[in-house]
1. Going through ARG245, ARG279 one at a time, which residue ends up being surrounded by 12 or more Cβ atoms within 10 Å (Cβ to Cβ) and not in a strand (DSSP E or B)?
2. Do the conditions hold for VAL269, that is, is it surrounded by 21 or more Cβ atoms within 10 Å (Cβ to Cβ), modelled with pLDDT of 95 or more and not in a loop (DSSP other than H, G, I, E, B)?
3. Could you look through the range 135-153, keep only residues that are in contact with a Ser or Thr (Cβ under 9 Å, 6 or more places away or on another chain) and touching a residue at least 60 places away in the same chain (Cβ under 8 Å), and pick out the one that is nearest to ARG306 (Cα to Cα)?
4. Need the failing condition index for LEU24 against (1) in a helix (DSSP H, G or I); (2) modelled with pLDDT of 95 or more; (3) closer than 21 Å to PHE201 by Cα; (4) in contact with a strand residue (DSSP E or B) (Cβ under 9 Å, 6 or more places away or on another chain), just the number.
5. So for the range 263-284 (the condition being under 22 Å from LEU164 (Cβ atoms) and not assigned by TED's automatic domain parsing to the domain that holds SER227), does at least one residue qualify?
6. Just one of GLU324, GLU329, GLU298, GLU264 is at pLDDT 95 or above and more than 24 Å from the chain's Cα centre (by Cα); which is it?
7. Is there any pair with a first residue in the range 74-102 that is in contact (Cβ under 8 Å) with a residue 24 or more places away in the chain and a second that is surrounded by 21 or more Cβ atoms within 10 Å (Cβ to Cβ) and of a type in the set (Asp, Glu) whose Cβ atoms are under 9 Å apart and which are 6 or more apart or on different chains, and what are they?
8. List every residue pair whose Cβ atoms sit under 7 Å apart, with the two residues 6 or more apart in sequence or on different chains, where the first one lies in the range 154-168 and is farther than 14 Å from ALA131 by Cα and the second, anywhere, is assigned to a loop (DSSP other than H, G, I, E, B).
Amino acid sequence: MSLKPRFVVAMSGGVDSSAAAWILAKEGLDLVGLFMRNGVHVSEQESSKKSCCSVSDARDARMVAAHLGIPFQAVDLKDEFGGIIRYFLKEYARGRTPNPCAVCNRDLKFGRLLKFARELGAEGVATGHYAQLEVIEGRVHVRRGVDTNKDQSYQLFCVAEDDLARVRLPLGGLQKNAVRALAREAGLRTSEKKDSQEICFVPSNDYRNLLKEHGTVLHPGELVDTSGAVLGTHAGTELFTIGQRRGHGIAAGEPLYVVAIETEAGRVVLGSRADCGVRSAQLEEVNWIGVDAPTSGERRVLVQHRYRSQPVPAVVSARGTQAEVVFDEPEISVTPGQGAAFYDGDRLIGGGWIDATVRAPAASAS
């Protein structure tokens with residue numbers, strides 16, 4: 001029986017997870033490679049564009065594992081991915097914009113796979129995420145990845161601290177070009193493979209096709225301005241997201257943004273950039289990482305409210321698993337259904353799901 005630390009390494013068939021496995025194998029860890037089957041058919045043509053979860057990706061993952069001399073398993077998680085798809089569709093039906101990658105991290109990559117690791121007697125799970133993680137005095141510290149263009153710490157805001165304590169993220173201290181160089185040096189077949197840019201269960205990169213495929217009932221209705229004047233009509237509130245500037249078909253003297261989505265009324269409100277300004281947001285399912293949850297009072301933080309948005313200064317007031325975030329300046333594209341991640345400098349200390357927002361009085365928004 002091996003006395004080396006054992007980890008389950010998530011292998012998607014891409015360069016990042018392959019390089020992560022190689023790095024940990026070089027460190028002498030006892031690894032088991034694992035490929036998650038999501039039950040979504042991805043054609044070879046689509047796979048060449050997105051690099052995730054296709055038959056060819058499973059083959060690449062298996063061959064990399066063989067190259068590294070580590071055992072490999074493909075696990076059928078169709079039912080679990082089905083739950084994420086149902087969540088995805090439900091959020092759009094509620095007029096919200098889902099964040100399936102964060103949910104997948106919480107429930108599958110650092111949820112279901114940790115359970116699988118326990119069943120194997122492994123210490124934990126390793127992935128190719130670009131974030132830095134270490135345990136200091138018994139508490140998990142999560143920091144942004146060194147490569148700011150690839151940083152994925154935001155997508156970990158909802159993962160429990162106890163789960164993160166059993167995770168290894170070997171790519172967090174590397175630039176992407178260095179990861180590819182390591183993969184080439186190691187002779188990994190995935191070294192030049194394109195990065196995945198899409199949601200793995202939306203191979204067409206158009207979520208509207210998924211809505212149609214699952215028979216989602218759309219809520220058509222009116223496009224109105226902030227005063228309620230009718231500007232036109234639309235085919236369904238599910239086809240819009242807060243902050244959207246294109247695709248509504250209304251020409252005006254200035255760019256128009258989606259300010260609000262009123263699903264039950266079938267109404268989509270359009271307005272100027274200033275009209276999109278949000279002063280505060282109500283959060284639910286708040287999670288703290290590496291710090292104690294505030295029992296009272298306020299805490300100044302930087303808040304990142306979308307994966308690609310810049311963090312902005314704000315004050316968070318926590319009330320158990322709920323919180324209110326008040327931005328220093330009005331912020332646009334603050335969207336119910338997305339996550340609001342809390343940072344102290346480059347350190348992720350938690351976050352919560354945006355449930356509702358309060359628009360600022362008409363003023364310039366950042």
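The values are calculated or read from the model by the stated rules, or taken from the named source; none is laboratory data. A quick note: this is a predicted structure, and the numbers were derived from the prediction, not measured. Virtual Cβ from ideal backbone geometry, glycine too; neighbours counted across all protein chains shown.
1. Values: ARG279 fails: not in a strand (DSSP E or B).
Only one candidate qualifies: ARG245.
2. On the way: surrounded by 21 or more Cβ atoms within 10 Å (Cβ to Cβ): yes; modelled with pLDDT of 95 or more: yes; not in a loop (DSSP other than H, G, I, E, B): yes.
In short, yes.
3. Initially, the range 135-153 is screened for residues in contact with a Ser or Thr (Cβ under 9 Å, 6 or more places away or on another chain), giving 142-145.
Okay, now just the ones that are also touching a residue at least 60 places away in the same chain (Cβ under 8 Å), so 142-144.
On the way: VAL142: 18, ARG143: 17, ARG144: 15 Å.
Only one residue tops the list, namely ARG144.
4. (3)
5. So the first thing to find is which residues in the range 263-284 are under 22 Å from LEU164 (Cβ atoms), and the list is 283-284.
Imposing the further condition that a residue be not assigned by TED's automatic domain parsing to the domain that holds SER227 reduces the set to 283-284.
The answer is yes, given that some residue of the range 263-284 is under 22 Å from LEU164 (Cβ atoms) and not assigned by TED's automatic domain parsing to the domain that holds SER227.
6. Numbers: GLU324 fails: more than 24 Å from the chain's Cα centre (by Cα); GLU298 fails: at pLDDT 95 or above; GLU264 fails: at pLDDT 95 or above.
Going through GLU324, GLU329, GLU298, GLU264 in turn, just one is at pLDDT 95 or above and more than 24 Å from the chain's Cα centre (by Cα): GLU329.
7. Pairs found: LEU89/GLU238; TYR92/GLU238; ALA93/GLU238; GLY95/GLU238.
8. Hits for this filter: GLU161/ILE289; GLU161/GLY290; ARG166/GLU123.
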